Amino acid sequence: QKEVEQNSGPLSVPEGAIASLNCTYSDRGSQSFFWYRQYSGKSPELIMSIYSNGDKEDGRFTAQLNKASQYVSLLIRDSQPSDSATYLCAVGSSNTGKLIFGQGTTLQVKP
Amino acid sequence: EAQVTQNPRYLITVTGKKLTVTCSQNMNHEYMSWYRQDPGLGLRQIYYSMNVEVTDKGDVPEGYKVSRKEKRNFPLILESPSPNQTSLYFCASSLTGPATNEKLFFGSGTQLSVL
């Protein structure tokens, strides 16, 4: 079992729709959770971080964390073609400096 | 400008020829890390450093070395590169590390090809 798992996609949604990206992790001791966006040929950039159960909203983005189910998700409301990218889930250990990334989900937003 | 600087951006080399990829940050960050990115595998952590003179293995350290003699620099060394180390490499840094939910700043990446 991979430490951090994502569906590689591609996930295709029409412009204006809600895109839902999911991630599961195996280490119950994980304390910090991140969503990064990566455009083709570019470096990853942080969208959101979350560390407590529940929802965290920032503009069109909402991160959801459920530690009991070892599940973290990212919702993108009113999806735009500019949101088309690969979304990387990352999970941090509380005891080490390890930050483990999932393989990423490719999102395609069609006009 | 706050940034992580990697060099070179592109590198083509031959099997067995030692090489170093440099990484420098100007944000006084304690935490630095190296990742490699391969299609379908995402970002895999090679080594990380919580502070000067402190380095630890990530998930794929075989064939790589690092050093952290100064806070700002964290070079990645391939003593004897092999074709399976052909990959896109990213250096990254943050103030104290991933456990505190801090943003990781990434360099622009180094595309390495080992022939």
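Quick notes on this structure:
- In the protein assembly as shown, taking the dipole from charged Cβ atoms about the Cα centre, the farthest positive-side position among A:Thr96, A:Ser82, B:Thr5 is held by B:Thr5.
- Fraction of accessible area attributable to carbon and sulfur, chain B (%, probe 1.4 Å): 52 percent
- Solvent-accessible area lost in complex, 50 Å² minimum, residues of the range A:36-54 relative to chain alone, 1.4 Å: A:Ser43, A:Pro44
- Reduction of at least 30 Å² in accessible surface, 1.4 Å probe, comparing all protein chains with the chain by itself, residues of the range A:62-111: A:Gly97, A:Lys98, A:Leu99, A:Phe101, A:Gln103
- Choice from A:Val91, A:Val72, A:Val13 with maximal GNM fluctuation in chain A (Cα, 10 Å cutoff): A:Val13
- Accessible area ranking (1.4 Å probe, heavy atoms, ligands and nucleic acids excluded), largest first, for B:Met27, B:Met50, A:Met48: B:Met50, B:Met27, A:Met48.
- Coil-residue GluC sites (Glu not before Pro) of the range B:5-64, DSSP, other Cβ within 10 Å capped at 15: B:Glu53, B:Glu62
- Backbone HN-Hα couplings from phi across the range A:100-111 [Karplus 6.51/-1.76/1.60, Hz, Gly and Pro as x]: 9, 9, x, 7, x, 10, 8, 10, 10, 10, 9, x
- If R0 equals 22 Å, the separation of the Cβ atoms of A:Ile18 and A:Lys42 corresponds to a calculated FRET efficiency of about 0.35.
- The range A:26-111: chymotrypsin sites (Phe, Trp or Tyr not before Pro) falling in loop per DSSP and having at most 14 other Cβ within 10 Å: A:Tyr39
- Note that chain A presents 46 Å² accessible area per residue, ligands and nucleic acids not counted, probe 1.4 Å.
- Chain B - percent relative contact order, Cα under 8 Å, separation 6 or more: 36 percent
- Those lysines that a straight Cα-Cα span of less than 22 Å connects to A:Lys56, excepting residues fewer than 8 apart in one chain: A:Lys67, B:Lys103
- When the listed pairs B:Lys18/B:Lys69; B:Lys18/B:Lys65; B:Lys17/B:Lys71; A:Lys42/B:Lys65 are checked against a 18 Å cut-off, the alpha-carbon distance exceeds it for B:Lys18/B:Lys69; B:Lys17/B:Lys71; A:Lys42/B:Lys65.
- Exercise: per-residue mean of other protein chain Cβ atoms within 10 Å, B:101-110: 5
- Buried surface between chains B and A: roughly 1800 Å² of accessible area, summed over both sides, computed with a 1.4 Å probe on protein heavy atoms only.
- Gaussian network model of chain B, springs between alpha carbon atoms under 10 Å - residue of B:Ser87, B:Ser33, B:Ser49 with greatest fluctuation: B:Ser87
- Taken about its Cα centre, chain A carries a charge dipole of roughly 160 debye when the Cβ of each Lys and Arg holds +1 and the Cβ of each Asp and Glu holds -1.
- For the range B:74-111 versus the range B:15-46, the gap between their alpha-carbon centres in whole angstrom: 2 Å
- DSSP bridge pairs, chain A: antiparallel proportion in percent, nearest 5: 90 percent
The values are calculated or read from the model by the stated rules, or taken from the named source; none is laboratory data. Since we're looking at a predicted model, the values are computed, not measured. Reconstructed Cβ throughout: ideal geometry from the backbone, glycine too, with neighbour counts over all protein chains shown. Note: accessible area is taken over every heavy atom of the protein model, side chains too, but ligands, DNA and RNA are not part of it. Shrake-Rupley method; radii C 1.70, N 1.55, O 1.52, S 1.80 Å.
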